[in-house]
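The next block holds one structure in the form of structure tokens; read it before the comments.
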Amino acid sequence: MTNISGSFLHELSMVERAQPRGLISGVTMGEVTAHVQAATAPPVLIPLTAGRARITQLLSEATGPLAPPAMQDPLAYADVPTVQQLWCELLDDLGAYLEDLSHADPALRLVGVHRDRLIACIQVSNGYRELTYEVPLDNGEMPAAVTVEIAAAFSEASVAR
């Protein structure tokens with residue numbers, strides 16, 4: 001499940017990277033599908049096994065024509081990346097390192113990630129407890145090791161209880 005969810009988030013980030021303006025405002029993960037919230041349309045149900053071409057197709061049915069997805073990760077970013085670049089990188093980073101959540105609890109999984117203007121809110125749960133972790137998108141710093149930070153915050157919250 002983690003590998004499929006991680007691959008999906010990477011593919012979704014490649015679709016989002018190619019859009020001239022932010023398209024995706026949130027993703028709620030399910031067992032086999034994700035509800036992808038576009039900024040201008042109702043949520044779109046997308047199989048976690050969908051690749052970037054299928055994701056683009058399904059989203060464009062709800063939002064109208066989209067730019068073709070990016071074919072590769074950017075080689076470099078500007079010294080101060082934009083909010084949109086940071087959002088795309090966060091989606092990709094979550095996908096690449098989703099298995100790190102299990103360091104805090106083997107049952108810990110990503111519930112969703114949503115963008116509220118300049119803050120990304122990442123929700124995780126182990127089935128008993130939930131944690132929302134906020135990542136600023138306006139500080140100009142690329143997200144790195146966010147899943148490790150989330151796992152540590154989840155562990156700290158468990159000890160504090």
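The values are calculated or read from the model by the stated rules, or taken from the named source; none is laboratory data. Just so it is clear, the model here is predicted, and its values are computed rather than measured. All accessible areas refer to the heavy atoms of the entire protein, side chains included, with ligands and DNA or RNA removed. Shrake-Rupley method; radii C 1.70, N 1.55, O 1.52, S 1.80 Å.
Some observations on this one:
- Over 13 Å [Cα-Cα, region 26-104], rounded percent: 75 percent
- The alpha-carbon positions of region 83-161 define a convex hull whose volume is 81 Å³ per residue.
- Tail fraction, Cα-Cα pairs, region 95-139, threshold 16 Å, whole percent: 41 percent
- In Å², nearest 10: area of HIS103 left accessible to a 1.4 Å probe: 140 Å²
- Relative to the longest principal axis of the Cα atoms of the chain, the long axis of helix 146-160 makes an angle of roughly 30 degrees.
- Euclidean distance of C-alpha centroids, region 130-148 and region 28-54, integer Å: 22 Å
- Rounded accessible area of GLU134 (nearest 10 Å², 1.4 Å probe): 110 Å²
- In degrees, nearest ten, helix 52-63 long axis to first principal axis of the chain (Cα): 70 degrees
- Computed [θ] at 222 nm, helices only, for the chain once each DSSP H run of length n ≥ 4 contributes -39500 (n - 2.57): -11500 deg cm²/dmol
- Accessible area of TYR97 in the full protein assembly, 1.4 Å probe (Å², nearest 10): 110 Å²
- Accessible area ranking (1.4 Å probe, heavy atoms, ligands and nucleic acids excluded), largest first, for SER7, SER25: SER7, SER25.
- Over every Cα atom in region 4-45, the radius of gyration and the widest Cα-Cα span, Dmax, amount to 10.2, 31 Å.
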